[in-house]
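A quick write-up on the structure given underneath.
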Amino acid sequence: MIRLSGVSKTYDDGTVAVRELSLEVGRGELVCLVGPSGCGKSTTLKMINRLVEPSTGVIEIDGQDVTHVDPVRLRRGIGYVIQQVGLFPHQKITANVMTVPLLYGESKATARERAHELMSLVGLDPEQYGDRYPHQLSGGQRQRVGVARALAADPPVLLMDEPFGAVDPVIRGRLQEEFRRLQQELGKTVVLVTHDIDEAVLLGDRVAVFADGGRLLQYDTPARLLAH
Ligand code: ADP
Ligand code: ADP
């Protein structure tokens, strides 16, 4: 599904963020990228949706080189969730989730219905929360809205950068488990960045362990990683 072959990234200031990375993510698989701060996890994620261009190497999705796909079309197929989800502060929650379906030309009624479905899916009652504004939700709830909005385009691929990082630790465990169930149910291919090895082991079908300097140390199932 997603294949990185010999991918490196050196930023303009000479920082080597990712070094000779080769990695495959299967369809419907959840892969966690884990490692210390600054080891190139976010850069790797951003190269997949072309927010960052690799210096060398090839990234393919379904056998197609991403540099040959129009970036706008590419990103339609890839949901992107970051730690501080950028919700529109002056729009109610339902409107925030409706944005993507509306952009794709859905009618208002269909987009609203879709938004409510997705909110229920991530465990946010649309009746209760749909008419609130982002600042009237807790951190955990805002993060759910971010996931719902990313799912609104029904992308086969989700890229998530510390999606549960800003959430209260008690709520985080519940969100992680709910998200895992949701991912399995929807069959999405997910690449998730975290600095938390426990989270990586809990969520990942496979875990890619990075070291400083953007090197991949290990890539294996949690069970085999823990056996070492
Ligand atoms: P991680 O997600 O693992 O914390 P990043 O991919 O964000 O790591 O960063 C990897 C390295 O690249 C770090 O040394 C970081 O400072 C550097 N870096 C990230 N973005 C840029 C940029 N736009 N310009 C220069 N250096 C960058
Ligand atoms: P969490 O533990 O998920 O961070 P909080 O303690 O922040 O939750 O919030 C608990 C409840 O209070 C939630 O149901 C949330 O919707 C509600 N809430 C939080 N902030 C506000 C606010 N400014 N206005 C109205 N309700 C709020």
Scan the chain and hand back the longest stretch that contains none of the trypsin sites (Lys or Arg not before Pro) lying in DSSP loops with at most 15 other Cβ atoms within 10 Å.
28-131
Using only DSSP helix segments of four residues or longer, with each worth -39500 (n - 2.57), what per-residue ellipticity at 222 nm results for the chain after dividing by its residue count and rounding to 500?
-11000 deg cm²/dmol
10 Å Cβ shell holding at most 16 others, DSSP loop, chymotrypsin sites (Phe, Trp or Tyr not before Pro): longest site-free stretch of the chain:
105-228
Between the stretch 1-20 and the stretch 78-157, how far is it from one alpha carbon centroid to the other, in angstrom?
32
Dimensionless Rg over Rh [the chain; C-alpha; Kirkwood]
0.97
With Cα springs under 10 Å, the Gaussian network model of the chain assigns the largest mean-square fluctuation among Ile82, Ile93, Ile171 to Ile171
Tell me which lysines have Cα within less than 23 Å of Lys92's Cα, excluding those fewer than 8 residues away on the same chain?
Lys108
Rg over Rh of the stretch 1-111, using C-alpha atoms and the Kirkwood radius, what does it come to?
1.03
Find the Rg to Rh ratio for the stretch 45-103, where Rh is the Kirkwood radius over alpha-carbon pairs and Rg uses the same atoms.
1.07
Which of the three applies to the stretch 68-178, rounded, prolate or oblate, going by the alpha-carbon gyration tensor with a ≥ b ≥ c and a/c under 1.5 meaning rounded?
oblate
Give the lysines reachable from Lys9 as a straight Cα distance under 21 Å; neighbours fewer than 8 places away on the same chain don't count.
Lys41, Lys46
What dipole magnitude, in Debye to the nearest 20, does the chain give about its Cα centre under +1 on Lys/Arg Cβ and -1 on Asp/Glu Cβ?
320
Please state the relative contact order of the stretch 31-124 as a whole percent: Cα pairs under 8 Å, 6+ residues apart?
14
Just to confirm, what accessible area per residue do you get for the stretch 1-157 at 1.4 Å probe, in whole Å²?
48
Say we join alpha carbon atoms closer than 10 Å with springs in a Gaussian network model of the chain; which of Asp198, Asp13, Asp65 then has the biggest fluctuation?
Asp13
Rounding to the nearest 10 and keeping the result within 0 to 90°, find how far the Cα-based axis of helix 139-151 lies from the longest principal axis of the chain.
80
How tilted is helix 93-103 with respect to the longest principal axis of the chain? Cα atoms for both, answer in degrees (0 to 90, nearest 10).
70
For the chain, modelled as a GNM with alpha-carbon contacts under 10 angstrom, which of Pro54, Pro156, Pro169 fluctuates the most?
Pro169
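The values are calculated or read from the model by the stated rules, or taken from the named source; none is laboratory data. This structure is a prediction, so every number in the text was calculated from the model and none was measured. Every residue, glycine among them, receives a Cβ derived from its backbone with ideal geometry; neighbour counts consider all protein chains shown. Side chains included, ligands, DNA and RNA excluded: accessible areas come from the protein's heavy atoms. Shrake-Rupley method; radii C 1.70, N 1.55, O 1.52, S 1.80 Å.
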